[in-house]
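The values are calculated or read from the model by the stated rules, or taken from the named source; none is laboratory data. Computed from a predicted model, the values in this text were never measured in an experiment. Heads up, the Cβs are rebuilt from the backbone with ideal geometry, glycines too, and the neighbour counts pull from every protein chain shown. To get the accessible areas, we keep the full protein, side chains included, count just its heavy atoms, and leave off ligands, DNA and RNA. Shrake-Rupley method; radii C 1.70, N 1.55, O 1.52, S 1.80 Å.
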Amino acid sequence: MAEQPARQVPSGKEEDAVEIDARALAELHELRELLFHAERSELIALRERLHNPRLRAKDVSEILAEAIRLRRGKGGRQALSEALAPSVEEALRESVRKDPRILADALFPSMGPAIRRAIGEALRSMTQSFDLAMEHSFSLQGLKWRFESIRTGRKFADVVLLHSLLFRVEQLFLIHKKTGLMLVHVVAPFVPVQDPDMVSAMLTAIQDFVRDSFKAPAGETLESMQVGELQVCVEQGPSASLAAVIRGQAPPEVRLRMQEKLEEAHQLFGQQLEDFQGDAAPFQELVPSLSDCFAAHYKERGGKPTPFFQIATAVLLLVGLLWATLTWRENRKWNRFATELRAQPGILITSFAKSGGRFHIRGLRDPLAVNPEVLLMKDNLDANLADFEWRQYQALDPVLVLKRANAILEPPAAATLALQNGVLYARGEAPRRWQETFRERAPFVAGVKAADISGLTNTDHSEFSVLKKSLESTTILFPVGVAEIPADRKVELDKLARDIREVVARAKALGDTVSLELVGHADDTGTDAHNILLSDRRARAMRAELVRRGIARNLIRTRGAGYNEPLRNEDSEDERKFNRSITLRVISAKTQ
Amino acid sequence: MLQKKICLLGASAVGKTSLVRRFVESIYSDGYQTTVGVKIEKKVLNAGGEDVMLLLWDLYGEDDFQKLRLSYLRGAAGFLVVCDGTRKDTLEKALAVHRSAEQEFGKIPAMIAINKSDLASEWEISQQTENSLSQDGWSLMRTSAKTGAGVEEAFQGLARLTLAK
């Protein structure tokens, strides 16, 4: 295509020159074609590759991984990280913005265990401190520690932890050996610390001081210091030393552990340690690894109590509980008894006290009041435990006044006493004689103002009639044809004589006089005259017996009735024997 | 934060301890110096826009009774050579100590603090001496532990020197 214009060059001088140039160019072109044809197409291809982004990306993609590897290998790790960091951060942010789950899922396998571990550790340490605090809260030791807690201003749980600690690594200092500058300081939770930078330097100074002072051979250093419960262990490495502050007695394993950690620090940061210029930041990476040393080891909890001890404790507890319950119940019963006693009329308690397991009760008591010992028995209390001390008095409680009146006046069975507003009423039936006594003596009973017998009826008449009837029903039987009192009836006659005397006395009391009529009887066998005679003899014999028993002769009349006043019809021998007898009649002067 | 170990050198009673007392944090009593021969103190300052923590090893001043423990100087990033402006001999002693330190540990950034600048009437160190020290490459600073003059600047200056190294 370039040849076309060369051929159409205009004529003339100037035109000739142009034509020559054009020809030369064409020839040059041709020459170039001949010489560089292959290179030219290669160049075109190369240009194409350079200018085509798609191809360039393809090229870069083929070498990218190798390039990064190379760059890292050449010590350009830092630069590479710096270059990539913004984009990676941006990419992460974008990813989280788009779908947080993707990143969360990716992190889950590593974060889950880490979080679990952290929570577990926190809970464990909390439970441990709580357990210890609880265990020691109520013991004598616990009281001592509580006092220490107040004195030092530390929390009680912390004091307990401190004392129950077997050993615990409290602080770790990774120190740059040459400068004494602190590289890493890790401290266990709740451990109070002084400025770790100064402590590191001073620890180094002390190392130097000891080495210089005692001319220690090169390489030998102060390995440990002991201050009370605290021990400072120092492990030396080529460029750094690791100092541990340990509370309690650390076993040799702790030193081994420290050596491992120190070796790890040298392995990871060997060069940095040698070139250290005061920047401790890179060494912070060691913090998690060093923190592993913070395991606290506590004293064993004094072994499990033996079953015997447990049983003994349980039995003691039970016995104690039982004793307390019984004592409480016993005391309650006694208190109830005291209350009951106080409510009793005629009893005034002035003191009620328990001492030496016995109950002492003092007061005033009316002799007629309830017997406290009876009350004790009723309440199932041991009377032997009670000491009563009573002073006697007369109570004016109506119940007791009535009781007293009954005791003094002894009313007959048919009569009752009642007290109302100080007036003693007698009701029912009573003999005249008792009524007299009542009227005279009742007002003298303490607590009685007046006596009233208006409700009382006389019982003397009825008693007389009863006695009379009883006498008149007496029949003394005789064998056939005999007029003498049979010997076996004599005892009966003694009672008869007593009753006769009684009836005479009662009649007299009623203002009457009585006499007796003894009537002799006979059965219908024999003649009338004989029977009259026989019956008369029977009555006289009877009278003689009565007179012999002290009955006045003139009181007794006798009469022989023969068979004229038979007691029974004589249908049988059994009935006939009743007619061989004596009957008795009491004759009152008033009724005659 | 960068940390630097700084040693305070000088004869006894030139006021090293007084010089730092008002400007530093310390958890140790002065008794350490006479027993262990050193007391550690800490000073955080800003030198050239960067926070630096100076760990000051306040060494017991060398005297007839106690030799300086050179081992304490190991790893120092800088020396503050302190002398008493009212006692000329203390400068010589301080420089002698510095020389032995240099022999042991090589060249380390250092600064001279001529203390007790408040006692101008008793001043014994001539301007000429100061000039010649400057010419020898020394950084000098007049300080007064009593008034506080120059103290902060002396530490600042030394911190800069250690960072510039």
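Of the conditions (1) farther than 15 Å from residue A:247 by Cβ; (2) in contact (Cβ under 8 Å) with a residue 24 or more places away in the chain; (3) out of contact with any strand residue (DSSP E or B) (no Cβ under 7 Å at 6 or more places or on another chain), residue A:189 fails just one. Which one is it?
Every listed condition holds for residue A:189 apart from (1).
Quick check, is residue A:522 surrounded by 14 or more Cβ atoms within 10 Å (Cβ to Cβ) and touching a Phe, Trp or Tyr at 6+ places or on another chain (Cβ under 8 Å)? Step through it out loud before you land on a result.
On the way: surrounded by 14 or more Cβ atoms within 10 Å (Cβ to Cβ): yes; touching a Phe, Trp or Tyr at 6+ places or on another chain (Cβ under 8 Å): yes.
It is true that residue A:522 is surrounded by 14 or more Cβ atoms within 10 Å (Cβ to Cβ) and touching a Phe, Trp or Tyr at 6+ places or on another chain (Cβ under 8 Å).
When you check residue A:178 against the structure, is it facing chain B (nearest Cβ under 10 Å), more than 18 Å from residue A:258 (Cα to Cα) and among the charged types (D, E, K, R), yes or no? Before you say what the answer is, go through the steps one by one.
Working: facing chain B (nearest Cβ under 10 Å): yes; more than 18 Å from residue A:258 (Cα to Cα): yes; among the charged types (D, E, K, R): yes.
Criteria met by residue A:178.
Can you find a residue in the stretch A:493-516 that is crowded, with 18+ Cβ neighbours inside 10 Å and in contact with a Pro (Cβ under 9 Å, 6 or more places away or on another chain)?
For the stretch A:493-516, residues crowded, with 18+ Cβ neighbours inside 10 Å and in contact with a Pro (Cβ under 9 Å, 6 or more places away or on another chain): absent.
Output the number of the condition that residue A:245 fails; it satisfies all remaining conditions of (1) more than 59 Å from the chain's Cα centre (by Cα); (2) modelled with pLDDT of 90 or more.
Every condition holds for residue A:245 apart from (1).
Condition first: part of a helix (DSSP H, G or I) and either open to solvent by 50 Å² or more (accessible area, probe 1.4 Å) or among the hydrophobic types (A, V, I, L, M, F, W, C) (or both). Now tell me which residues in the stretch A:354-375 satisfy that. Let's see the steps before the verdict.
The initial filter retains those residues of the stretch A:354-375 that are part of a helix (DSSP H, G or I), namely A:372-375.
Matches in the stretch A:354-375: A:373, A:374, A:375.
Among the numbered conditions (1) touching a helix residue (DSSP H, G or I) at 6+ places or on another chain (Cβ under 7 Å); (2) touching a residue at least 60 places away in the same chain (Cβ under 8 Å), tell me where residue A:294 comes up short.
(1)
Scan the stretch A:484-518 for residues that are touching a strand residue (DSSP E or B) at 6+ places or on another chain (Cβ under 8 Å) and of a type in the set (Gly, Ala, Ser) and jot them down.
Answer for the stretch A:484-518, where residues must be touching a strand residue (DSSP E or B) at 6+ places or on another chain (Cβ under 8 Å) and of a type in the set (Gly, Ala, Ser): A:507, A:515.
Yes or no: residue A:581 in contact with a Phe, Trp or Tyr (Cβ under 7 Å, 6 or more places away or on another chain), surrounded by 14 or more Cβ atoms within 10 Å (Cβ to Cβ) and under 21 Å from residue A:497 (Cα atoms)?
Numbers: in contact with a Phe, Trp or Tyr (Cβ under 7 Å, 6 or more places away or on another chain): yes; surrounded by 14 or more Cβ atoms within 10 Å (Cβ to Cβ): yes; under 21 Å from residue A:497 (Cα atoms): yes.
When the stated conditions are applied, residue A:581 passes them.
Can you tell me how many residues in the stretch A:256-295 are away from every other protein chain (no Cβ under 14 Å), open to solvent by 40 Å² or more (accessible area, probe 1.4 Å) and of a type in the set (D, E, K, R)?
Selection size over the stretch A:256-295: 6.
Of everything in the stretch A:160-202, what is more than 18 Å from residue A:291 (Cα to Cα), open to solvent by less than 10 Å² (accessible area, probe 1.4 Å) and assigned to a loop (DSSP other than H, G, I, E, B)? Give them in sequence order.
A:180, A:181
Could you list, in sequence order, all residues of the stretch B:1-38 that are within 10 Å of another protein chain (Cβ to nearest Cβ) and at pLDDT 75 or above?
First, pick out the residues of the stretch B:1-38 that are within 10 Å of another protein chain (Cβ to nearest Cβ): B:1-5, B:24-28, B:32, B:35-38.
Of everything in the stretch B:1-38, those that are within 10 Å of another protein chain (Cβ to nearest Cβ) and at pLDDT 75 or above turn out to be B:1, B:2, B:3, B:4, B:5, B:24, B:37, B:38.
Does at least one position in the stretch B:148-157 carry a residue that is part of a loop (DSSP other than H, G, I, E, B), closer than 24 Å to residue B:40 by Cα and either touching a strand residue (DSSP E or B) at 6+ places or on another chain (Cβ under 6 Å) or open to solvent by less than 10 Å² (accessible area, probe 1.4 Å) (or both)? Give the derivation first.
Residues of the stretch B:148-157 part of a loop (DSSP other than H, G, I, E, B): B:148-150.
Okay, now just the ones that are also closer than 24 Å to residue B:40 by Cα, so B:148-150.
Then drop every residue that is not either touching a strand residue (DSSP E or B) at 6+ places or on another chain (Cβ under 6 Å) or open to solvent by less than 10 Å² (accessible area, probe 1.4 Å) (or both), which leaves B:150.
Yes, the stretch B:148-157 contains a residue that is part of a loop (DSSP other than H, G, I, E, B), closer than 24 Å to residue B:40 by Cα and either touching a strand residue (DSSP E or B) at 6+ places or on another chain (Cβ under 6 Å) or open to solvent by less than 10 Å² (accessible area, probe 1.4 Å) (or both).
Looking at residue A:253, is it more than 17 Å from residue A:170 (Cα to Cα) and away from every other protein chain (no Cβ under 14 Å)?
Numbers: more than 17 Å from residue A:170 (Cα to Cα): no; away from every other protein chain (no Cβ under 14 Å): yes.
The answer is no for residue A:253.
So, in the stretch A:448-487, how many residues would count as being assigned to a loop (DSSP other than H, G, I, E, B), surrounded by 14 or more Cβ atoms within 10 Å (Cβ to Cβ) and touching a Gly at 6+ places or on another chain (Cβ under 7 Å)? If you could, list the steps in order and put the result at the bottom.
Our first condition is that a residue be assigned to a loop (DSSP other than H, G, I, E, B); within the stretch A:448-487, this holds for A:448-449, A:459, A:473-474, A:478-486.
If we keep only those that are surrounded by 14 or more Cβ atoms within 10 Å (Cβ to Cβ) as well, we get A:448, A:459, A:474, A:478, A:483, A:485.
From the residues that got through so far, the ones that are touching a Gly at 6+ places or on another chain (Cβ under 7 Å) too are A:448.
Selection size over the stretch A:448-487: 1.
Report whether or not residue A:247 is among the basic types (Lys, Arg) and either within 14 Å of another protein chain (Cβ to nearest Cβ) or open to solvent by less than 30 Å² (accessible area, probe 1.4 Å) (or both). Lay out the reasoning, then the answer.
On the way: among the basic types (Lys, Arg): yes; either within 14 Å of another protein chain (Cβ to nearest Cβ) or open to solvent by less than 30 Å² (accessible area, probe 1.4 Å) (or both): no.
Against the criterion (among the basic types (Lys, Arg) and either within 14 Å of another protein chain (Cβ to nearest Cβ) or open to solvent by less than 30 Å² (accessible area, probe 1.4 Å) (or both)), residue A:247 does not qualify.
What tally of residues in the stretch B:106-165 results from selecting those that are among the basic types (Lys, Arg) and under 19 Å from residue B:20 (Cβ atoms)? Please lay out each step first, then the result.
First, pick out the residues of the stretch B:106-165 that are among the basic types (Lys, Arg): B:107, B:116, B:142, B:146, B:160, B:165.
Still in the list and also under 19 Å from residue B:20 (Cβ atoms): B:116, B:142, B:146, B:160.
Counting residues in the stretch B:106-165 that are among the basic types (Lys, Arg) and under 19 Å from residue B:20 (Cβ atoms) gives 4.
Those residues that are within 17 Å of residue B:49 (Cβ to Cβ) and charged (D, E, K, R), I need them from the stretch B:121-164; list them, please. Step through it out loud before you land on a result.
Taking the stretch B:121-164 as the starting set, the residues that turn out to be within 17 Å of residue B:49 (Cβ to Cβ) are B:152-153, B:155-164.
Scanning the stretch B:121-164 gives B:152, B:153, B:160.
Working only within the stretch A:425-436, note down all residues that are surrounded by fewer than 16 Cβ atoms within 10 Å (Cβ to Cβ) and assigned to a helix (DSSP H, G or I).
A:432, A:433, A:436
Sort out which residues of the stretch A:561-578 are open to solvent by less than 20 Å² (accessible area, probe 1.4 Å) and in contact with a strand residue (DSSP E or B) (Cβ under 7 Å, 6 or more places away or on another chain), and write them in order of number.
So the first thing to find is which residues in the stretch A:561-578 are open to solvent by less than 20 Å² (accessible area, probe 1.4 Å), and the list is A:561-562.
Selection gives A:561 alone.
Pick out the one residue from A:589, A:541 that is in contact (Cβ under 8 Å) with a residue 40 or more places away in the chain and under 15 Å from residue A:515 (Cβ atoms). Please lay out each step first, then the result.
On the way: A:541 fails: under 15 Å from residue A:515 (Cβ atoms).
Going through A:589, A:541 in turn, just one is in contact (Cβ under 8 Å) with a residue 40 or more places away in the chain and under 15 Å from residue A:515 (Cβ atoms): A:589.
Show the residue pairs that are 6+ apart or on different chains and have beta-carbon atoms under 7 Å apart, the first residue being within the stretch A:195-211 and within 7 Å of chain B (Cβ to nearest Cβ), the second being in a helix (DSSP H, G or I) and at pLDDT 85 or above.
A:205/B:72; A:208/B:72
Residue by residue through the stretch A:549-592, note down the ones that are at pLDDT 85 or above, in a loop (DSSP other than H, G, I, E, B) and out of contact with any helix residue (DSSP H, G or I) (no Cβ under 7 Å at 6 or more places or on another chain).
Hits for the stretch A:549-592 are A:552, A:564, A:565, A:580.
Quick one: would you say residue B:117 is at pLDDT 90 or above and over 22 Å from residue A:176 (Cβ atoms)? Let's see the steps before the verdict.
On the way: at pLDDT 90 or above: no; over 22 Å from residue A:176 (Cβ atoms): yes.
Here the answer is no, as residue B:117 does not meet what is asked.
Residues that are open to solvent by 10 Å² or more (accessible area, probe 1.4 Å) and more than 13 Å from chain A (Cβ to nearest Cβ): which strands (runs of 3 or more DSSP E) entirely in the stretch B:39-143 hold 1 or more of them?
Values: elements: B:50-59, B:78-84, B:110-115, B:140-142.
Filter on the stretch B:39-143 gives B:110-115, B:140-142.
If I ask for residues that are more than 9 Å from residue A:562 (Cβ to Cβ) and touching a Ser or Thr at 6+ places or on another chain (Cβ under 6 Å), which ones from the stretch A:520-544 would you list?
Correct list: A:539, A:540, A:543.
Residue by residue through the stretch A:315-330, note down the ones that are open to solvent by less than 50 Å² (accessible area, probe 1.4 Å) and modelled with pLDDT under 90.
A:327
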